[in-house]
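Notes for the one structure printed next.
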Amino acid sequence: MMLVLIAGLAVLSLLLLVLSPHIRTYAAGGVCKSTARLDGKTVLITGANTGIGKETALDLAKRGARVIMACRDVEKGEEAAASIRAAHSEAQVEVRELDLADSRSIQAFAQRLLREVSHLHVLINNAGVMMCPYTKTVDGYEMHMGVNHLGHFLLTYLLIGLLRRSAPARIVVVSSLAHNFGWIRFHDLHSQGSYNSGLAYCQSKLANVLFTRELARRLKGTNVTVNSVHPGTVNSDLTRHSTLMMIMFTVLSLFLKTPREGAQSSIYCAVAEELHSVSGQHFSDCSPAFVAPQGRSEETARRLWDASCQLLGIEWN
């Protein structure tokens, strides 16, 4: 029996070795083919110190953009910026502190940016948390909803005037295929009644899609577009809060995207010429992607918008 098992594993290993180039090509997904330059443009990317955020920053810096890397951990942000400069000596990258789990940090970040930056052409809401233990933000929001949705909601609100003055401008919201499994629990947005880290993550990713669609409706005619993306299943440190997910990602790494591959849809939505007037859409592998029915509900999107404004204590008309 043991010999049969060993032989089977040997055959499987050999098969994977032979097929690995084809598997990797399939897993890599779509590639942004645009050669658009961003000389003279300013780009802001949240969570740009690692993973797809860092790869997005590198690509856009190579296109000539001034890239502001908004990071909670400034030290890691500076390390990422240094590696980008090492890869591209002409890269204009700078690191600013931003903690999306703290509204005071978001406000301080925005105030500084508005003082020091005259234009903002691309905002990429990339940072996020995934399947973390039940914790709350400084403001008392459940961490997934607080960081992935409300933190970026507030940041966009504070910068929307600058984006409109800089038009044409683009906003890219990094969501996930996981939105298909999410529901907005208006009766318990912060999972105080019950908590499941996976469902909390899915709810926040659905919130990203709904925010994108409602914001696009409100920005119609302003020459500021907003689209959401599913980056794919990326082998990154986003799974650090789940031992099981880390093990699964390690075992299945051959079938997962690298951070560079996962960044392609964000880059595509930020630069592709054919998307200059496309707004309120969802993309994956640099192509239009399916949106779950609960992500297409205008009523839910408006209700979530109002609830978000109320929680943040803002009026966004």
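With Cβ to Cβ distances under 13 Å as the rule, what net charge do the other residues near Met143 carry (K, R +1; D, E -1)? Counting the neighbours of Met143, the net charge comes to -2. Annotation: peptides 214-226, 145-157, 59-71, ranked by per-residue average of other Cβ atoms within 10 Å with the highest first, follow the order 145-157, 59-71, 214-226. Ordering of 193-205, 272-284 by packing is 193-205, 272-284, highest average first (other Cβ atoms within 10 Å, averaged per residue).
Highest mean first, the peptides 306-315, 135-144, 41-50, 163-172 sorted by other C-beta atoms within 10 Å per residue fall in the order 41-50, 163-172, 135-144, 306-315.
Could you tell me the ratio Rg/Rh of the range 278-317? Both radii from Cα atoms, Rh via Kirkwood.
Taking Rg over the Kirkwood Rh, I get 1.10.
Taking each of Lys136/Lys257; Lys33/Lys220; Lys54/Lys205 in turn, the alpha-carbon distance tops 22 angstrom for Lys136/Lys257; Lys33/Lys220.
Read the figures in this text as sums done on the coordinates, not as results from a lab. The shown structure was predicted, so the numbers you read here are calculated from the model rather than taken from an experiment. No Cβ is skipped: glycine too gets one built from the backbone with ideal geometry, and neighbour counts run over all protein chains shown.
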